[in-house]
Structure formats: structure tokens, C-alpha cells
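To start, the structure under review is shown below, and the notes come after it.
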Amino acid sequence: MFAEMQAELDGRARQGLLRRRRLLQGPQAAQTRVDGAEVLTFCSNDYLGLANHPALIDAACRAMTEIGVGSGASHLITGHHQLHESLEDALAEFVGLPSALLFSTGYMANLGVVNALLRRGDAIFADKLNHASLNDAAIMARAELHRFRHNDLGQLENQLTTSGVRRKLVVVDAVFSMDGDHAPLPELLALCERHDAWLYLDDAHGFGVLGKQGRGALDHFALSSPRIIYMATLGKAAGVSGAFVAAEKLVIEYLIQHARTYVYTTATPPALAAAALAAIKVMQQDSERHARLHELIAYLKQHLRLRKWSLMSSDTAIQPLLVGDNQASVRLSEYLRDKGILVPAIRPPTVPAGTARLRISLSAEHTMDDLKRLIAVLKQAESELT
């Protein structure tokens with residue numbers, strides 16, 4: 001077994017697919033310390049720069065002083081604190097849905113919801129570029145799995161039309177994590193209404209970025225329907241940890257009874273709920289932070305012009321620079337690292353073969369000077385790397 005493991009790892013290394021962890025030695029910030037060196041980072045999903053925000057730190061510290069650290073039990077035993085309840089109410093109101101339910105992570109939310117709602121004899125219709133957690137959830141549900149080409153509404157409609165199952169669930173990322181583009185949500189909802197299907201949206205990368213005050217993809221597209229089940233994470237733009245699902249009250253009550261990743265796990269520390277409540281207040285009150293992020297997105301799209309590599313089409317904080325070759329993407333990432341700029345190389349199986357890229361993640365904490373530096377070094381890399 002050990003020999004087989006080593007051979008597989010060696011093979012990944014030869015293909016430029018071997019991953020390694022970097023050691024963060026400071027706070028999440030545009031400028032921080034990684035692997036012993038000060039670097040300018042374009043890696044974090046902390047899109048609004050809230051992970052190190054004083055209001056969130058103060059809220060978490062005050063909560064820990066008053067009620068301790070651990071939650072002690074699952075939500076259904078004694079782990080459901082008043083802070084959890086307050087956060088669920090605030091999140092439901094913020095995204096414009098009747099009710100919400102906290103999960104420990106987005107991964108656990110996706111596994112829990114899909115497997116609670118579907119069983120053998122039902123059907124899932126999933127975009128081929130969905131996040132791995134949605135793919136795993138679909139497999140574990142043991143329902144029929146139909147995958148459609150990325151944002152291909154025609155193929156999806158054909159699949160829905162020919163399906164005769166009892167319960168249908170269309171599952172998509174609202175913002176695709178490696179491409180940064182949107183799902184066509186109004187059209188998807190129209191298809192679900194026409195074919196009596198539910199629409200499950202993973203808005204991990206849209207919550208906090210899209211919509212008024214960062215209320216997410218539903219606000220961005222002005223969508224409302226009892227068919228929508230909405231999931232977003234709290235560890236990205238909100239700067240904390242965990243996730244939530246929002247939907248009709250009946251759906252949330254059903255998940256409380258049947259979502260195994262909710263029922264059979266310890267609740268997250270109440271102090272994190274306090275920090276997330278503070279994050280929502282910051283998002284509602286600090287409109288400049290949201291506006292600055294979108295100004296940075298527009299600037300990068302306008303000024304990063306290269307001959308060898310190109311930005312993919314995205315209007316979100318995720319700005320992928322398409323390289324193509326695995327080894328070339330790693331060399332480019334290492335070149336930037338040597339210049340004090342950290343941008344990750346993303347390779348298969350995270351993205352399709354032949355589409356290796358640098359995933360540039362923007363934050364409201366970045367400055368225009370940061371972007372100008374990134375653009376200048378990328379142009380230098382284009383002239384120096386063969």
C-alpha cells in the first residue's frame with residue numbers, strides 16, 4: 001500500500017499536480033506573512049476584508065468571555081445557543097427568505113440538504129462545473145444524477161422534459177468558484193417552475209459580494225420563489241466560519257429533522273455566531289467596502305492586458321487568469337511568489353484538463369497600488385517566462 005501511495009504521489013508531481021500547504025504566520029490581510037516571508041496575497045476568499053475586522057474580533061472576544069468557547073453539544077441537544085438563533089434570524093432577513101439554518105461548513109450544508117431532500121427514484125440536475133461538495137452530495141443521495149454542460153439551459157431543459165421522477169432538484173453554484181462567472185439564475189428558476197423542480201443555489205462566492213449590501217445572488221437578480229433553497233458560507237466574504245441554508249419555514253423544519261450533517265454534529269462555537277452577527281452589521285453599514293471591491297474588480301479587468309494569458313469572463317472577486325498547461329501555471333505562480341506576490345495555481349481535477357490557471361482573488365483590503373504591482377509583475381513574467 002505504501003509503495004502504491006508513493007507511486008501515485010510521484011505521478012502527480014511529474015504532472016504538475018502535487019499540492020502543498022503554505023504556512024500562514026499572520027492575519028488574513030492583503031499584506032501578510034506566509035512561509036516566513038512578507039507577501040502581497042491574492043489568494044484569500046476574504047472578499048470584504050472582514051476576517052481581521054475589529055468589530056468581529058470584539059464581538060467574538062466578548063462572547064467568549066461571557067459564555068466560553070465550545071458549544072458542548074449538537075444543536076438538538078444543548079448546543080443551540082441564543083446567539084445561533086439570533087444569527088439564523090438575521091441571515092434569513094438579510095437574504096430575504098423566511099427561515100435559515102446554520103451548518104458547520106458549506107460542505108456539510110450541501111451534503112446535508114441534498115441527502116435530506118432526495119432519495120432513490122428522485123433526480124438531481126447539476127452543472128458540470130459545480131463545486132466538489134455538490135458533486136459528492138449528488139453521489140451520496142443515490143438519486144439519478146444528470147449533469148449538464150456549464151450554463152447550458154437547452155440541455156438542462158431537455159433533461160427536465162424527459163425526466164419522469166417524483167422529485168427534481170436543480171443544483172448549481174450561483175458564482176462558480178474557479179471561473180468566477182454567474183449561473184443564469186432567472187432562467188434556471190423559470191425552468192424549475194415550468195418543470196415542477198426545486199432550485200438549490202450554492203452562493204458561497206456571491207454572498208457578501210453580489211446584491212445590495214452584499215445580500216447575495218437572489219438580491220442581485222431580484223429573485224423570489226418558494227422553490228429556492230439557498231446556501232451561503234460565512235467563512236468567505238463574511239470573514240468568520242460556517243454556513244447557512246435559507247428557505248421556506250417548512251423546508252428548514254424538515255432539514256432540522258433529516259439533515260444528518262446538522263443532526264449528528266456539534267454546533268459551532270457561539271462566539272463565531274456573535275462574530276457573524278457583527279459581520280452582517282458591517283456589511284449593512286459600511287457600503288464603501290463593498291463599493292471598493294467592485295472598483296478593484298473593474299480596474300483589474302480594464303488594465304490587465306496580456307498576449308500570452310488572458311482573464312476569463314468574470315464580474316466577481318474571482319478573476320481567473322487562464323494559462324492552460326499545468327507546469328506553466330505552476331511556474332507562473334512561483335515566479336510571482338519570488339517577486340513577493342502570492343497567487344495560487346489551480347490545476348485538474350479542480351478545473352478541467354487544459355484549463356490550468358492562476359486564481360486571482362480580490363479583496364476590499366487591496367489598494368490600487370496593489371493591483372498595479374500585480375499587473376506590472378505579470379507583464380514582466382510574460383516577457384521572461386518561455
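Residues considered: Leu374, Leu296. Of these, the only one that is part of a helix (DSSP H, G or I), in contact (Cβ under 8 Å) with a residue 40 or more places away in the chain, among the hydrophobic types (A, V, I, L, M, F, W, C) and in contact with an Asp or Glu (Cβ under 9 Å, 6 or more places away or on another chain) is Leu296.
Restricting attention to region 265-310, the residues that are polar (S, T, N, Q) and within 21 Å of Thr233 (Cβ to Cβ) add up to 4. Filtering region 172-198 to residues that are outside any loop (DSSP other than H, G, I, E, B) and under 23 Å from Met312 (Cα atoms) leaves Val172, Asp173, Val175, His182, Leu185, Pro186, Glu187, Leu188. Give region 136-152 a look and list any residue that's farther than 15 Å from Ala116 by Cα and assigned to a loop (DSSP other than H, G, I, E, B), or say none. Arg149, His150, Asn151, Asp152 - these are the residues of region 136-152 that are farther than 15 Å from Ala116 by Cα and assigned to a loop (DSSP other than H, G, I, E, B). Would a scan of region 311-320 turn up a residue that is modelled with pLDDT under 95, under 17 Å from Leu296 (Cα atoms) and of a type in the set (D, E, K, R)? Within region 311-320, one or more residues are modelled with pLDDT under 95, under 17 Å from Leu296 (Cα atoms) and of a type in the set (D, E, K, R). Mind counting the residues in region 192-234 that are closer than 19 Å to Asn130 by Cβ and touching a residue at least 40 places away in the same chain (Cβ under 8 Å)? Residues flagged as closer than 19 Å to Asn130 by Cβ and touching a residue at least 40 places away in the same chain (Cβ under 8 Å) within region 192-234 amount to 19.
With respect to Ser177, is the statement that it is more than 28 Å from Gly121 (Cα to Cα) and polar (S, T, N, Q) true? The answer is yes for Ser177. Scanning region 310-345 for residues that are of a type in the set (A, V, I, L, M, F, W, C), surrounded by 20 or more Cβ atoms within 10 Å (Cβ to Cβ) and more than 22 Å from Arg292 (Cβ to Cβ) turns up Val323, Leu332, Leu336, Ala345.
Criterion applied to Arg337, Arg331 was being over 21 Å from the mean Cα position of the chain (by Cα), in contact (Cβ under 8 Å) with a residue 60 or more places away in the chain, closer than 22 Å to Arg19 by Cβ and part of a helix (DSSP H, G or I), and the one residue passing it is Arg337.
Can you find a residue in region 159-167 that is under 21 Å from Leu134 (Cα atoms), buried (at least 23 other Cβ atoms within 10 Å of the Cβ) and touching a residue at least 40 places away in the same chain (Cβ under 8 Å)?
Within region 159-167, the subset under 21 Å from Leu134 (Cα atoms) is 159-160, 163, 165-167.
Next cut, buried (at least 23 other Cβ atoms within 10 Å of the Cβ) only: none.
No, region 159-167 contains no residue that is under 21 Å from Leu134 (Cα atoms), buried (at least 23 other Cβ atoms within 10 Å of the Cβ) and touching a residue at least 40 places away in the same chain (Cβ under 8 Å).
Residues that are touching a strand residue (DSSP E or B) at 6+ places or on another chain (Cβ under 7 Å) and assigned to a loop (DSSP other than H, G, I, E, B) within region 42-78 comprise Phe42, Cys43, Ser44, Asn45, Ser71, Ala73, listed in sequence order.
Kindly indicate which of Ser86, Ser99, Ser74, Ser104 is under 20 Å from the mean Cα position of the chain (by Cα) and in the same structural domain as Val209 (by TED's automatic domain parsing). Before the answer, list the steps.
Working: Ser86 fails: under 20 Å from the mean Cα position of the chain (by Cα); Ser99 fails: under 20 Å from the mean Cα position of the chain (by Cα); Ser74 fails: under 20 Å from the mean Cα position of the chain (by Cα).
Just one listed residue meets the conditions, Ser104.
The values are calculated or read from the model by the stated rules, or taken from the named source; none is laboratory data. All figures in this text were calculated on a predicted structure; none of them were measured in a lab. With ideal geometry, Cβ positions are generated from the backbone for all residues, glycine too; neighbour counts draw on all protein chains shown.
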